[in-house]
Structures are given as C-alpha cells and as structure tokens.
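The values are calculated or read from the model by the stated rules, or taken from the named source; none is laboratory data. This structure is a prediction, so every number in the text was calculated from the model and none was measured. Don't worry about glycine lacking a Cβ; one is built from the backbone with ideal geometry, like all the others, and counts go over all protein chains shown.
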Amino acid sequence: MKAVRLFMIALAASALGCVSDRPTPTGIAANLSKQTGLLQCNSLPTSSVKQTIGLAGGTMQIGPHVLVVPPGALAAPVTIAAKTAGGTGNAVELKPAGLIFLTPAYLTLSYANCNTAALPVSKEVAYTTDLLAILAFVPSSDSPSAQQVTGQIAHFSNYAVAW
C-alpha cells in the first residue's frame, strides 16, 4: 500500500513538472479546433529588401507589404533583411530571425491578390514555420476595404496572411 501511495505521489509530481506558465511565442496560439488556413493567392513576384533601421524607427516596403518599426523598438541600429516567399500564399520572412523588439512592430500584409470571396471571416497575421505551417496568430486588425491585415509582431520570423 505504501509503495502504491509513493508511486501516485511521484506520478503527480512529474505531471505537475510538465506544466508551463510561459506564454505562446507571439500571443494567441493556433486554435486547432477552429477551421483556419493560409489564404490562397495568385503568385506575387519575389521581393527581397535590406534596410538598416535605428533607434528612431522606420518603415520598410517589402513588395506590397509594409513593416513599421516604431521609435524605441530597437536598442541599436539593425540591418533587416526581408523577403516575400512567392508561391500561392502571401508570406514574409524577416531576419535576423529571433530579433526581439523592445516595443512591438507592425507588419501589414496585403491580400489584394488573394481569393477571399468564400471567406466571410476576418483575416489574421499568422506566425509560421519555414514551411508555412501556422504556429500562432498575432494580434491583428483586418481592413477588408483596403484588402490588408496588420499584425503586431514581437520578433522576427515568418508571417503570412491567414483566415
């Protein structure tokens, strides 16, 4: 009986040790029970841009997409490399990968070249893997009349337009 009680205590302790109170990487975890996906779009020309943004912040145009880094978001000047992925999804890769902002930056992704007729739901900016699998959604604001969605990003990685 004593051995069973010790086993149960050890099992409970190990289960509690697996719990994490850390937040998801960029805010809202992907809800796998919700029907979501990346927008299917007509291909855009590949676009690649490098620009140094400093303490005063700045704006970077990446094809039809725009990155806005507010003043004070970076501790020192950083050379940012950004490129569109091309293909049938509107995605942007931002480097140096993992760069964390002191205050959030804003990434506006156009979806003017995407088929949205059958999608009455708001579009979101998704944080994705290199293979464009959705990891999480960032806080986003959709502007259907402008056919663009703006996401608040905390770090550099891959981002795409999702629904």
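Side notes on the structure shown:
- If you check Ala91, Ala82 for being modelled with pLDDT of 95 or more, crowded, with 17+ Cβ neighbours inside 10 Å and closer than 24 Å to Leu132 by Cα, only one passes: Ala82.
- Subset of the range 114-163 that is within 10 Å of the chain's Cα centre (by Cα) and part of a loop (DSSP other than H, G, I, E, B) - its residue that is farthest from Val66 (Cα to Cα): Thr129
- Test: residue in the range 50-59 that is surrounded by fewer than 14 Cβ atoms within 10 Å (Cβ to Cβ), within 21 Å of Ser143 (Cα to Cα), out of contact with any strand residue (DSSP E or B) (no Cβ under 8 Å at 6 or more places or on another chain) and without any contact (Cβ under 8 Å) to a residue 12 or more places away in the chain: no
- Condition broken by Ala97, with the remaining ones in (1) part of a strand (DSSP E or B); (2) farther than 22 Å from Ser143 by Cβ; (3) in contact with a Phe, Trp or Tyr (Cβ under 9 Å, 6 or more places away or on another chain) satisfied: (1)
- If you go through the range 115-130 and keep only what is surrounded by fewer than 19 Cβ atoms within 10 Å (Cβ to Cβ) and either among the aromatic types (Phe, Trp, Tyr) or farther than 20 Å from Pro96 by Cβ (or both), you end up with Asn115, Thr116, Ala117, Ala118, Leu119, Pro120, Val121, Ser122.
- Of all residues making up the range 75-94, the number that are in a strand (DSSP E or B) and either over 12 Å from Asn158 (Cβ atoms) or among the β-branched types (Val, Ile, Thr) (or both): 6
- Test: residue in the range 104-113 that is assigned to a loop (DSSP other than H, G, I, E, B), out of contact with any Leu (no Cβ under 6 Å at 6 or more places or on another chain), crowded, with 21+ Cβ neighbours inside 10 Å and without any contact (Cβ under 8 Å) to a residue 60 or more places away in the chain: no
- Here is the figure for the range 38-74: residues that are more than 19 Å from Gln152 (Cβ to Cβ), modelled with pLDDT of 95 or more and of a type in the set (A, V, I, L, M) total 3.
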